[in-house]
1. Go through Lys93/Lys220; Lys93/Lys192; Lys142/Lys196 and tell me which ones have a Cα-Cα distance over 26 Å in this structure.
2. How long is the gain from Leu52 to Leu177 if the chain were fully straight, where each residue apart is worth 0.36 nm and the alpha carbon distance is subtracted?
3. By count of other Cβ within 10 Å, fewest leading, how are Lys149, Lys239 ordered?
4. Can you give the FRET efficiency for Met234 and Asp78, using 1/(1 + (r/R0)^6), R0 = 22 Å, r = Cβ-Cβ distance, to the nearest 0.05?
5. How big is the stretch 125-187 along each principal axis, measuring the range of its Cα positions in Å and listing the largest first?
6. Placing unit charges on C-beta atoms (Lys and Arg positive, Asp and Glu negative, everything else neutral), compute the dipole magnitude of the chain about its Cα centre in debye, rounded to 20.
7. Which of the three applies to the stretch 25-123, rounded, prolate or oblate, going by the alpha-carbon gyration tensor with a ≥ b ≥ c and a/c under 1.5 meaning rounded?
8. Going through the cross-link list Lys97/Lys127; Lys225/Lys253; Lys85/Lys119, which pairs have a Cα-Cα distance over 18 Å in this structure?
Amino acid sequence: MKRFLPFSVSLLALSLASPSMAAPDDSVESLVQQGSVYDEKYAAQEALDFYLPAEKMAPENVDLLLRIARQYRHLMQDASGANEKLRLGNIAKEYAKRSIALAPSDPETHLSMAICHVKMVPILGNKEKMESSREIKASVDKALALNPKSDLGWHILGCWHQRLADINAMKRAIAMLVYGSLPEASNEEAVKCLQKAMALNPDRLIHHIELGRTYAQMGKAEDAKKHIEKGLSMPNVGKDDPEAKQRGRETLKELP
């Protein structure tokens, strides 16, 4: 059964039936197929209308658990209040946790958990950010050990290095408490990871933009502009693309 990555989209979704036109077949396979129409269009609640009934019939279907986790991350991203974002994020984490318990050798289960933590970091306090950062690193390391060709895995690891390399004194002190010692993170490692991500999938604009933002953090303005502008020139495909572009534009404004 095909598993769709968090940022993927397919033109196939435009040609498939809507729920009102769905066949009466309520098998797991049929429900997943119908839900995937909305999954691919980032219509999370509509996708869950099919995925959650399917889960009741197949609670140990790992692919389905990963799909459901992704929908709750999308709902979290679109929610307005911090409390609602936390609630939805924690639900997504529970589904990712279940998938790991069922399939610990599947890299997608660990990648799903890493993405859940990534999505929650912006709404957490400083101590919680550092604790979540530790979870991100542990999860993405496992995902990459199982699948070193995961461009999203390398992207997440690159961004982990980028963020940790730029923390202020207060966060460094908290990091020492959470990690026991300051994590070995650097912009140079961020560049290496993001370059690997870009080599594996040059069509994903988030790789270009975050590589550019890393160069900006290093004071390499020309390299930063080149990669950010490349990302901004690419069409939006993934759920996170508009936000990534906004970060890129903000970084460009700060460059000399």
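FYI, it's all coordinate maths here, none of it is from the lab. Fair warning: this is a prediction, and the values are worked out from it, not measured in the lab. Note: ideal-geometry Cβ built from the backbone for every residue, glycine included; neighbour counts use all protein chains shown.
1. From Lys93/Lys220; Lys93/Lys192; Lys142/Lys196, over 26 Å: Lys93/Lys220; Lys93/Lys192.
2. Values: separation 125, 0.36 × 125 = 45.00 nm, distance 3.95 nm.
Full-extension gain reported as 41.0 nm.
3. Taking fewest neighbouring Cβ atoms as first place, the list is Lys149, Lys239.
4. 0.45
5. On the principal axes, the stretch 125-187 reaches 35, 19, 19 Å in Cα extent.
6. The dipole of the chain has a size of about 780 debye.
7. Oblate, since a/c reaches 1.5 and b/c is not below a/b.
8. Numbers: Lys97/Lys127 22 Å; Lys225/Lys253 10 Å; Lys85/Lys119 9 Å.
The pairs that break the limit, which is 18 Å between Cα atoms, are Lys97/Lys127.
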